[in-house]
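*Asks:* Here it is, the structure, as structure tokens.
The values are calculated or read from the model by the stated rules, or taken from the named source; none is laboratory data. All figures in this text were calculated on a predicted structure; none of them were measured in a lab. We place every Cβ from the backbone using ideal geometry, glycine too, and count neighbours over all the protein chains shown.
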């Protein structure tokens with residue numbers, strides 16, 4: 001039996017980890033022992049604990065409880081705590097997800113003491129190094145032994161950066177193996193979409209009619225902390241709502257909730273609050289988000305994960321960023337990069353409103369990525 005140490009700390013990682021944990025529980029319990037480390041990067045119960053409960057993720061074995069801080073202090077605390085646990089647990093490999101500070105800390109800590117790194121969601125690139133996530137994912141990729149890319153573009157990005165398609169075992173950080181395996185989040189979308197609506201009444205609670213509202217998420221600091229950018233988003237959304245008699249549904253990330261009071265221009269805030277079709281709600285749980293996504297008219301977001309989830313449920317997406325690591329969505333015509341330009345947001349809405357026959361090709365695999373990853377972990381790290 002191999003021992004893996006899984007490091008997670010933020011909402012998208014809880015979701016991804018659920019797929020792998022489920023595959024281990026259902027099909028690999030005799031071959032893989034998983035030790036889960038929660039860094040505490042997301043420390044709000046609605047952003048953390050409820051995800052473990054809803055998604056049947058095993059309770060973490062360790063919680064570093066680092067909380068919120070500057071990038072440097074937060075990451076340093078994680079590195080120190082993770083290194084201590086790695087020396088104690090002596091896993092065969094460390095499993096990291098995505099591109100958060102938890103990902104960066106795990107890759108630095110493991111690489112320094114020569115424990116193999118497995119990066120799930122490897123190869124994604126926005127080609128914008130001003131984004132902390134871009135730095136995190138690049139560093140993690142280049143420290144990893146096994147790299148699992150969810151898409152063709154991610155795989156190609158890795159080859160362009162010097163990763164070989166033809167390496168042979170045994171694999172190491174100097175001789176890494178790259179895969180195109182599909183997306184573990186798609187695995188989850190298939191699994192949880194079948195049970196979500198039985199477990200939440202969020203549509204009834206907020207009097208939402210299917211296909212008659214826009215689901216919006218805003219959490220990136222370059223949007224919430226810049227008053228001009230923040231205002232532009234709300235001006236566009238409020239205009240769409242009023243002119244089309246559509247509800248705007250906005251589950252509030254803790255950062256966004258604080259910024260509404262402190263950073264949104266008063267006249268914009270007042271106009272939004274006076275619109276009865278602007279629905280503000282607390283952070284949504286994963287199952288609530290599944291239901292909100294499945295029943296929306298379209299999705300408007302600055303989140304990478306929510307961009308993908310909109311695609312999984314065949315909903316068009318307006319991306320509130322100047323670029324995206326999920327370029328396949330834009331290439332398919334199901335997502336439009338609008339950044340926070342009011343005109344571009346309005347125009348993107350009109351395009352999707354008037355175009356009914358969008359095509360959602362099978363970009364993200366067959367729904368069995370997590371099982372494939374487990375098979376490869378056993379193959380590469382099982383001794384004897």
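*Asks:* Going through segment 330-351 one residue at a time, which ones are over 15 Å from residue 239 (Cβ atoms) and either touching a helix residue (DSSP H, G or I) at 6+ places or on another chain (Cβ under 7 Å) or surrounded by 21 or more Cβ atoms within 10 Å (Cβ to Cβ) (or both)? Quick ask: steps written out before the conclusion?
*Replies:* Within segment 330-351, the first condition is being over 15 Å from residue 239 (Cβ atoms), and the residues that meet it are 330-337, 339, 351.
Once the filter is applied, which keeps residues that are over 15 Å from residue 239 (Cβ atoms) and either touching a helix residue (DSSP H, G or I) at 6+ places or on another chain (Cβ under 7 Å) or surrounded by 21 or more Cβ atoms within 10 Å (Cβ to Cβ) (or both), segment 330-351 yields 334, 335, 336, 337.
*Asks:* Consider segment 183-202. How many of its residues are assigned to a helix (DSSP H, G or I) and under 29 Å from residue 124 (Cα atoms)? Working first, answer last.
*Replies:* So the first thing to find is which residues in segment 183-202 are assigned to a helix (DSSP H, G or I), and the list is 184-193, 196-199, 202.
Filter once more, so that each one left must be under 29 Å from residue 124 (Cα atoms): 184-193, 196.
Residues meeting the conditions: 11.
*Asks:* Here is a follow-up. Applying the selection to segment 97-134, what residues are at pLDDT 95 or above and out of contact with any helix residue (DSSP H, G or I) (no Cβ under 8 Å at 6 or more places or on another chain)?
*Replies:* Across segment 97-134, the qualifying residues are 111, 114, 134.
*Asks:* Next question. Filter segment 57-107 down to the residues that are under 16 Å from residue 145 (Cα atoms) and either surrounded by fewer than 19 Cβ atoms within 10 Å (Cβ to Cβ) or touching a strand residue (DSSP E or B) at 6+ places or on another chain (Cβ under 6 Å) (or both) and list them by number.
*Replies:* 91, 92, 93, 94, 95, 96, 97, 103, 106, 107
*Asks:* So residue 21 fits all but one of (1) closer than 21 Å to residue 368 by Cα; (2) modelled with pLDDT of 95 or more; (3) in contact with a helix residue (DSSP H, G or I) (Cβ under 6 Å, 6 or more places away or on another chain); what number is the exception?
*Replies:* Result: residue 21 passes all but (3).
*Asks:* Moving to a separate point now. What number of residues within segment 312-329 are touching a strand residue (DSSP E or B) at 6+ places or on another chain (Cβ under 6 Å) and either surrounded by fewer than 19 Cβ atoms within 10 Å (Cβ to Cβ) or not in a loop (DSSP other than H, G, I, E, B) (or both)? Show your work before the answer.
*Replies:* Filtering segment 312-329 down to residues touching a strand residue (DSSP E or B) at 6+ places or on another chain (Cβ under 6 Å) leaves 315-319, 329.
Adding the requirement that they be either surrounded by fewer than 19 Cβ atoms within 10 Å (Cβ to Cβ) or not in a loop (DSSP other than H, G, I, E, B) (or both) leaves 317-319, 329.
Residues in segment 312-329 being touching a strand residue (DSSP E or B) at 6+ places or on another chain (Cβ under 6 Å) and either surrounded by fewer than 19 Cβ atoms within 10 Å (Cβ to Cβ) or not in a loop (DSSP other than H, G, I, E, B) (or both): 4 in total.
*Asks:* Would you check which residues across segment 332-377 are outside the structural domain of residue 22 (by TED's automatic domain parsing), assigned to a helix (DSSP H, G or I) and within 28 Å of residue 18 (Cβ to Cβ) and list them?
*Replies:* Matches in segment 332-377: 332 only.
*Asks:* Looking only at helices (runs of 4 or more DSSP H) that fall completely inside segment 70-182, which ones have 1 or more residues that are free of Cβ contacts under 8 Å to residues at least 24 places away in the same chain? Before you say what the answer is, go through the steps one by one.
*Replies:* Working: elements: 71-89, 101-112, 132-141, 152-160.
It comes to 71-89, 132-141, 152-160.
*Asks:* If you take the residues in segment 211-267 that are assigned to a strand (DSSP E or B) and under 19 Å from the mean Cα position of the chain (by Cα), which one is nearest to residue 293 (Cα to Cα)?
*Replies:* Taking segment 211-267 and keeping what is assigned to a strand (DSSP E or B), we get 213-217, 247-251.
This time we only want the ones that are under 19 Å from the mean Cα position of the chain (by Cα), so: 215-217, 250-251.
Values: 215: 7, 216: 10, 217: 11, 250: 12, 251: 12 Å.
Across segment 211-267, the extreme among qualifying residues is 215.
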